Structures are given as C-alpha cells and as structure tokens.
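First the structure, in the form of structure tokens, and then the observations on it.
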Amino acid sequence: MKLKKLLLGLILLFFFACKKDENLDNKFKNVIIDYQKRYPIPLKKKRNEIIFIYSAYFEKNKNDTLLKITRTSSGINNIIFKKSGGFGVYEDSELKPTLLFDNENLGSKFILKKFIKIDKKYYKNSDVFDEGFTPIHTYKISNKNIELIKIDTVWRHWD
C-alpha cells in the first residue's frame, strides 16, 4: 500500500513539475490573440507577394508604458526590423505570426524568451503594400495589467 502511494505521489510530482515551455506571458499572449481574432489574416490573398504578419511593440509615453498591436501585409523589412529592435516571429497553434519590438526592454515581464532568428518566408520580396492599415490597438501597461485605452483607425477597409 505504501509503495502504491509513493508511486502515485511520484507520478503526480512529475506531472505537476513538467511545465510547458512558454515564450510569452499568458495574459500578454491572450491580448495579442484577441486582436488577431478581431482582425484575422484573410484567407484569400490578392497576390502571392503579400506576407501578413502581426506586430506588437512596446514604447514609453511620459510615465506610461504602452503596447501597440497591428497587422501588416508587407512582411518584414530586414533593415528597419534590425534598427528598430525587433525580434520574433512568435507563432504556435493559437498565435498567428507575430513580431515583437522592444528597444528599451519595457516588455520584459511579458516576453519570457526572445527569438532572434526569423524564418525567411516572413521577409518581404518586393515593395508590396496591399492593404490599408488595420486599426492599431493601444494598451496601457501597469504592473502586469494590460488595459485597452485607444483604437486608432486610419482606413475604413483593410481586407
């Protein structure tokens, strides 16, 4: 009987000790996924050169830390990407391709693991600009709270 309890205890300990390898904080990831559900990548592309990707970037505005999320159809420009402190691409079964920008390490509570290498399929092939800007969602970060404070809409149609 003691052996069964010990074995069961070891199995439970092993089960709970196995932590899924997370790259992003769950709250942060869910904010991005909510945006992606609201503005999904179109199923039909007008041209093959179009490379849809989401961008999330952290910035400081006076004393506030802000997170801004948007979607683009122009892929990654290698030169701008490197100069602006970009890294990524983060993607899994729930999260669509997402680049992160954090020059000042403002998102360190949310970005658990930084990826520097990026698959070449996300780099733009040409100067394609096929959609208007999707709305930019701006969030205020306070401690580990993320609060939507503004939605900027430049275009009325973006798909």
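Every number here is computed from the coordinates shown, using simple stated rules; none is lab data. What you are looking at is a predicted structure, and each value in this text was computed from that prediction instead of being measured. Backbone-built Cβ (ideal geometry, glycine too); neighbour counts: all protein chains shown.
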Final fewest-first order of SER55, SER73, SER93 on the 10 Å Cβ neighbour count is SER93, SER55, SER73
Roughly speaking, what is the stretch gain from GLU147 to LYS62, that is 0.36 nm per residue apart minus the C-alpha to C-alpha distance, in nm to one decimal? 28.9 nm
Over 28 Å between C-alpha atoms is what I'm after, so list which of LYS60/LYS96; LYS120/LYS140; LYS29/LYS62; LYS62/LYS150; LYS121/LYS144; LYS114/LYS144 land there. LYS120/LYS140; LYS121/LYS144
